[in-house]
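What follows is a set of notes on a single structure, which appears directly below.
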Amino acid sequence: MNVSLMNQSSNYLIKSYLESTHEKPRTAVDRVYEEILRRIVNLELPPGSPLVRGELCAEYQVSQTPVREALLRLEQVGLINVRPQSGTEVAYIDVAQLEQNHFLREALECEVVRRLSEQQDQSLVEHLRSIIDMQEQVASDDGDVMLFAKLDELFHRTMYEALGQLALFNLVRSRSGHMDRVRRLHLPTEGKIRSVLEGHRNIIAGIEQGNPELAIDYMREHLAGTIERVHSLKEEFPEYFC
């Protein structure tokens with residue numbers, strides 16, 4: 001088997017693994033919400049894109065009710081704007097909301113790694129390392145940015161889950177749409193993917209060594225990577241920001 005086919009096979013296995021760890025949508029509303037959310041976060045639907053209910057109903061083969069409720073949820077987390085006179089559109093990236101979410105996430109995840117470093121669960125450490133191994137594979141395979149981002153999410157989710165705090169992870173995720181879009185703009189930049197991998201390795205080292213202060217410092221540094229670039233990214237991609 002040539003290298004290209006080996007990489008395709010490896011990525012297929014990684015995608016299958018991610019699908020097995022992802023909670024399946026429970027209702028039609030969940031399905032429509034998650035699909036529109038995915039397209040917004042991936043910038044398939046860039047800021048300012050119109051969202052026409054009739055077209056969404058036809059595309060997802062559902063009635064008006066699931067689409068209306070999914071759009072309401074997206075409006076509540078600040079990712080779309082519903083204007084009675086001019087229709088519904090994808091919201092522009094709001095730096096203020098993004099900074100609020102970063103504040104919340106940093107507070108929670110620093111506490112998460114503090115507790116994990118006190119527990120020193122070696123099986124968790126090995127699990128986190130296996131996720132990094134998958135990220136390494138993806139990063140070496142022409143930089144599949146979206147697959148890399150999903151593994152990044154899984155890395156952080158796994159730490160919350162180890163503490164039985166998945167609900168807090170879901171809270172952070174529900175508010176991270178603006179940051180996710182900025183991260184999507186940032187990830188392709190040179191050195192960013194390597195920086196993420198280094199951050200993950202450092203966080204694991206702090207946990208494994210049972211050093212809460214070190215783990216917290218590494219987490220804070222890791223989460224600061226994108227937030228520190230927000231204003232330069234706004235200058236580079238002004239069409240995405242409000």
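With a ≥ b ≥ c taken as the square roots of the eigenvalues of the C-alpha gyration tensor of the range 103-217, please select rounded if a/c is under 1.5 and otherwise prolate if a/b is larger than b/c or oblate if it is not? Oblate. Note that the range 173-180 has calculated 3J(HN,Hα) couplings of 4, 5, 10, 9, x, 5, 5, 4 Hz, one per residue in order, obtained from phi through the Karplus relation 6.51 cos²θ - 1.76 cosθ + 1.60 (θ = phi - 60°); glycine and proline are x. Considering only Leu151, Ser176, His200, the residue lying farthest towards the positive end of the dipole of the range 143-205 is Ser176, judged by Cα position with unit charges set on Cβ.
Could you rank His102, His200 by how accessible they are, 1.4 Å probe, largest area first? It would help to have the intermediate numbers written out before the result.
On the way: His102 30, His200 0 Å².
If we order His102, His200 from most to least accessible, we get His102, His200.
For the range 150-226, the relative contact order comes to 21 percent (Cα pairs under 8 Å, sequence separation of at least 6). Under the simplified labelling scheme, the Glu236-Glu213 pair shows an inter-label distance of 3.5 nm, with each label point 7 Å from Cα along Cα→Cβ. For the chain, the longest principal axis of the C-alpha atoms and the axis of helix 3-21 are separated by about 80°. Determine the relative contact order of the chain: mean sequence separation of Cα pairs under 8 Å and six or more apart, normalised by residue count, in whole percent. With pairs under 8 Å counted, the relative contact order is 26 percent. Counting only protein heavy atoms and a 1.4 Å probe, tell me what percentage of the range 83-242's accessible area is made up of carbon and sulfur. C and S fraction of accessible area: 47 percent.
Here the range 204-239 and the range 116-139 have alpha carbon centers that stand 18 Å from each other.
For the chain, the longest principal axis of the Cα atoms and the long axis of helix 64-76 meet at an angle of about 60 degrees.
Calculated [222 nm] ellipticity per residue, helices only, for the chain: -23500 deg cm²/dmol; basis is -39500 (n - 2.57) per DSSP H run with n ≥ 4, divided by all residues, nearest 500.
In debye, nearest 20, what is the charge dipole magnitude of the range 103-242 about its Cα centre with +1 on Lys and Arg Cβ and -1 on Asp and Glu Cβ, if you could check?
440
If you plug the beta carbon distance of Val82 and Glu136 into 1/(1 + (r/R0)^6) with R0 = 45 Å, you get a FRET efficiency near 0.60. Which value, in debye to the nearest 20, describes the size of the charge dipole of the range 168-242 about its Cα centre when Lys and Arg Cβ atoms bear +1, Asp and Glu Cβ atoms bear -1, and nothing else is charged? Roughly 320 debye, rounded to the nearest 20.
Note that the range 22-155 presents 51 Å² accessible area per residue, ligands and nucleic acids not counted, probe 1.4 Å.
Were the residues from Tyr60 through Ala224 laid out at 0.36 nm apart, the gain over their Cα-Cα distance would be 55.3 nm.
The chain: longest stretch without exposed GluC sites (Glu not before Pro) (DSSP loop, at most 16 other Cβ within 10 Å), sites themselves excluded? After excluding every exposed loop site, the longest remaining stretch is 45-189. Checking (1) 7, 25, 27, 25, 14, 2, 0; (2) 8, 34, 40, 17, 1, 0; (3) 7, 28, 34, 23, 7, 1 against the coordinates, the calculated P(r) over Cα pairs in 10 Å bins from 0, in percent falls under label (3).
Only Lys, Arg, Asp and Glu carry charge here, each on its Cβ (+1 for the first two, -1 for the last two); on that basis the chain has a dipole of about 620 debye about its Cα centre.
Taking Cα atoms only, the orientation of helix 122-140 departs from the longest principal axis of the chain by about 60 degrees.
The values are calculated or read from the model by the stated rules, or taken from the named source; none is laboratory data. Not measured: the values here are computed from a predicted model. Heads up, the Cβs are rebuilt from the backbone with ideal geometry, glycines too, and the neighbour counts pull from every protein chain shown. Each accessible area value is taken on the protein alone, full model and side chains, heavy atoms only, with ligands, DNA and RNA left out. Shrake-Rupley method; radii C 1.70, N 1.55, O 1.52, S 1.80 Å.
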